[in-house]
Each structure stands twice: as structure tokens, then as C-alpha cells.
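The values are calculated or read from the model by the stated rules, or taken from the named source; none is laboratory data. Remember, predicted model here, so these are calculated numbers, not experimental data. A quick note on method: Cβ atoms are made from the backbone with ideal geometry, for glycine too, and the neighbour counts reach across all protein chains shown. Protein only, heavy atoms only, side chains kept; ligands, DNA and RNA dropped before computing areas. Shrake-Rupley method; radii C 1.70, N 1.55, O 1.52, S 1.80 Å.
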Amino acid sequence: MIKFFRRFRQKLLTENKFSKYLLYAIGEIILVVIGILIALQINNWNENRKARKVEIITLTQLLEDFNTNKTAIKSFLEGYSRTQKNIDVILRNTGPDAQIPSPETFDTITGFGFRKAQLLYTKPNTTASLNLDQISNNQLKQLISTFSLAYENFENTEAIIEKLTLEQRKIHQKYIPLIGSEPKYKQRMFFPDTMGLLRDPQLQNVTVDKSWNINAAKYFLSYIEKHNDSIITLINNELTKFQD
């Protein structure tokens, strides 16, 4: 084909048909330019197709992670509600006029448990490790990058709750010998002072403080839940676009 065009040009020059040769040369240049543009278009299409595949993989993984967060947040909110019930029992059975409660109630009073929340993408370094440039939706990128900031207030409140729970346990250990829960030790143990525990003003104050912070933690966690849900919605929308 190239030899054919070369011979054709030479024939035009030999026959002194310069004007036709010029038109032919321009046409040939146009064909070359069109060929280059088509090649660039195909290359761009291939690159876009590759980028789209990478974005789909990234979005699919993020959807799984934030759905995991959604399940965890629900579990932690339920846990805080159970802790509030425990706090209510403590506050109803402590004070200067407290009396010995039933064994079941006392077990509830001394259930000073705490489970720290664990969510994905709550630390700036974990978010930074994501290549957000692979995501084309700017609103989604913004929500993911600020997720750790939304978590910060909750994390600070959670640290206070953890500290207050440890204080409850320390007060409990002043009055109740823990060795009684270890049947393999048969020696005589210290006498438990149940009334001292229930009438300790510090236990009541710490528990009230914990109640306040539990309410704050639930508020912040509910906000995080909405933030998390917004991310899930946007990811689903993006994945739906790729299916069209």
C-alpha cells in the first residue's frame, strides 16, 4: 500500500501535475492525522476501560468495608443501650440508704463491662493508604477522607467511658474480694463489704458521669452511622452507573 502511494506521487510529479500532487499530499496528511486520532481514541478508550475496572474493584472493596462498619455500629449502639440499663440498676440501688439487693440485681450492679468500638477507616493513616484518585465521584472521595474526622469526637468520649469503667472496677475491688471467684484457692478471704460498695458516693458519681458520656457516645456514633450510610449510598450509585 505504501509503495502504491509512493508510485502515485512520483507519477504526478513526472507528469507535472503539481496542483493535483498538492491536493493528494494534503489528503494523505489528513488521512495520517485521522489515523493518529483514531489510534489515540482507541488508546484512551483502553485506558478508561482499565481505570473503570480498577475503580469498580476499589468501590466493591469499600462497599464491603463500610457495610461491615454498618453492622458493627448497630452492635455497638445496642451495647451502649445495654450499658445504660446496667447504669440504671446501679443508680437505683446505690446511695446512703441503699439496701442489700437480690443476687441477680447485685450481679447486674457489678457488671462493669466495656467493649471498645472497632471500625474501618477511622484513622487518618488508613484513609491515606487508599488511592482516592481511583474514585471519580468527588463527593464520595470527600466523605471517605473525612470519615476519620467524624469518628474523632466519638473516640475521645469513648476513652472517657473506658477510664470511668476502670474507676468503677477499682471501687468495686475496695469492697469485694475477687479471689472469691477463683474456687481453686481455698484460703480464708477478706470479708466482702456489699453495703460499703453500694453506699460509696464515688461509685455513684462515677456511674452518673459514665451515664452522661454514654449518651454523648451514642449521639456521636449515630452521626457516624449517618456518615457511613451516605458513603454506602454513593458507592451503590456509582456501581449502578458502571452496570448501565
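List of remarks:
- Cβ-Cβ under 7 Å pairs, at least 6 apart or on other chains, the stretch 200-211 side without any contact (Cβ under 8 Å) to a residue 40 or more places away in the chain, far side among the aliphatic types (A, V, I, L, M): Gln202/Ile171
- Given (1) at pLDDT 95 or above; (2) of a type in the set (A, V, I, L, M); (3) within 26 Å of the chain's Cα centre (by Cα), number of the condition Val206 does not satisfy: (3)
- Candidates are the residues of the stretch 138-159 that are touching a residue at least 12 places away in the same chain (Cβ under 8 Å) and open to solvent by 80 Å² or more (accessible area, probe 1.4 Å); the one that is nearest to Thr94 (Cα to Cα) is Asn153.
- Of the residues making up the stretch 58-73, none is assigned to a helix (DSSP H, G or I), modelled with pLDDT under 95 and exposed (fewer than 11 other Cβ atoms within 10 Å of the Cβ).
- Being modelled with pLDDT of 95 or more and not acidic (Asp, Glu) holds for only one residue in Lys186, Lys170, and it is Lys170.
- Of everything in the stretch 74-124 that is more than 19 Å from Phe154 (Cβ to Cβ) and of a type in the set (S, T, N, Q), the residue that is surrounded by the most Cβ atoms within 10 Å (Cβ to Cβ) is Thr94.
- Scan of the stretch 87-143 for residues that are acidic (Asp, Glu) and part of a helix (DSSP H, G or I), ordered by number: Asp88, Glu104, Asp107, Asp133
- Test for Lys170: is it part of a helix (DSSP H, G or I), without any contact (Cβ under 8 Å) to a residue 40 or more places away in the chain and open to solvent by 50 Å² or more (accessible area, probe 1.4 Å): yes
- Yes/no for Glu162 being surrounded by 19 or more Cβ atoms within 10 Å (Cβ to Cβ) and part of a helix (DSSP H, G or I): no
- Scanning the stretch 173-199 for residues that are open to solvent by less than 30 Å² (accessible area, probe 1.4 Å) and either of a type in the set (Gly, Ala, Ser) or free of Cβ contacts under 8 Å to residues at least 12 places away in the same chain (or both) yields one hit, Gly196.
- Neighbours by Cβ (under 6 Å, 6+ apart or cross-chain): first from the stretch 215-244, over 25 Å from Ser81 (Cβ atoms); second open to solvent by 20 Å² or more (accessible area, probe 1.4 Å): Ile235/Leu63; Glu238/Asn137; Phe242/Ile56
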